[in-house]
Amino acid sequence: MNLNYPLILGSKSPRRKEILERAGFHFITEAKDTEESFPTDMPHNEVAAFLAEKKAKAFSNNDAYYDKIILTADTTVLINNELLEKPANQEEAFEMLSKLSGNVHQVVSGFSILFNDEIQKYSDETLVYFRAVEEDVIWDYIKTHKPFDKAGAYGIQEGLGLTHIEKLEGSYFTVMGLPIHKVYQALYKFSAFHKK
């Protein structure tokens with residue numbers, strides 16, 4: 001889809017870049033370092049959208065981004081309302097994957113669109129059914145794939161994500177990190193197809 005303004009993906013994630021490319025968007029990538037903190041009393045299913053908005057705000061109030069569309073995103077993993085963030089080491093990754101093993105968890109991907117200092121934020125949720133994983137298989141995955149940049153310590157497109165997810169209720173791409181069906185709808189109003 002051709003947009004009437006330049007699109008910037010404000011993310012370092014190769015997975016988000018791949019999804020956006022596969023959807024046919026033309027864009028450049030420019031991420032800013034943002035502290036990923038959030039209010040402790042915030043409902044956990046709202047954290048992803050909050051962090052996506054926070055990342056978008058890092059581009060605001062800057063003339064260099066005037067008349068440009070900034071897309072930012074964040075993904076969280078929740079099990080029994082516990083938020084599983086990016087693991088700091090192998091032990092944390094093992095603990096997280098052990099919790100997911102044989103259980104159902106939620107993946108929430110939030111994204112924000114900043115245009116001329118106006119921010120719109122969105123969110124999408126998918127239920128993920130994980131079958132039981134043997135301990136040695138978890139350790140092998142951690143050592144092979146080093147999933148320390150992924151919430152919940154796994155990627156749906158590799159290793160355990162490929163072999164141990166039985167089914168999804170929701171979008172595959174939401175689990176991968178960008179709910180592209182909602183991103184498309186949000187960006188449509190900036191396209192030549194949109195009739196004002």
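The values are calculated or read from the model by the stated rules, or taken from the named source; none is laboratory data. Everything numeric here is computed off the predicted structure, so don't read it as measured data. Backbone-built Cβ (ideal geometry, glycine too); neighbour counts: all protein chains shown. Calculation scope for accessible area: heavy atoms of the full protein, side chains included, ligands and nucleic acids excluded. Shrake-Rupley method; radii C 1.70, N 1.55, O 1.52, S 1.80 Å.
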Report task. Give just the number: which of (1) within 28 Å of LYS143 (Cα to Cα); (2) open to solvent by 60 Å² or more (accessible area, probe 1.4 Å); (3) in a loop (DSSP other than H, G, I, E, B); (4) out of contact with any Leu (no Cβ under 7 Å at 6 or more places or on another chain) does GLU36 not satisfy? Result -> (4)
Query raised in the report: Which residue, of ALA186, ALA73, is buried (at least 24 other Cβ atoms within 10 Å of the Cβ), not in a loop (DSSP other than H, G, I, E, B) and not β-branched (Val, Ile, Thr)?
Result: ALA73
Requested in this report: Please determine, by comparing only the residues of region 15-40 that are in contact with a helix residue (DSSP H, G or I) (Cβ under 6 Å, 6 or more places away or on another chain) and of a type in the set (A, V, I, L, M), which one is farthest from ALA56 (Cα to Cα).
Outcome: ALA23
Requested in this report: May I ask you to verify whether ILE138 is buried (at least 22 other Cβ atoms within 10 Å of the Cβ), under 18 Å from the mean Cα position of the chain (by Cα) and at pLDDT 95 or above?
Outcome: no
Query raised in the report: Looking at this structure, is SER11 open to solvent by less than 60 Å² (accessible area, probe 1.4 Å), farther than 26 Å from VAL133 by Cβ, in contact with a Lys or Arg (Cβ under 8 Å, 6 or more places away or on another chain) and part of a loop (DSSP other than H, G, I, E, B)?
Result: yes
Query raised in the report: When ILE28 is evaluated against the numbered criteria (1) within 17 Å of THR174 (Cβ to Cβ); (2) surrounded by fewer than 15 Cβ atoms within 10 Å (Cβ to Cβ); (3) not hydroxyl-bearing (Ser, Thr, Tyr), which criterion, by number, is the only one it fails?
Result: (1)
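Take the conditions of a type in the set (Lys, Arg), touching a strand residue (DSSP E or B) at 6+ places or on another chain (Cβ under 6 Å) and touching a residue at least 12 places away in the same chain (Cβ under 8 Å) and apply them to LYS86. Does it pass?
For LYS86, the condition - of a type in the set (Lys, Arg), touching a strand residue (DSSP E or B) at 6+ places or on another chain (Cβ under 6 Å) and touching a residue at least 12 places away in the same chain (Cβ under 8 Å) - is not met.
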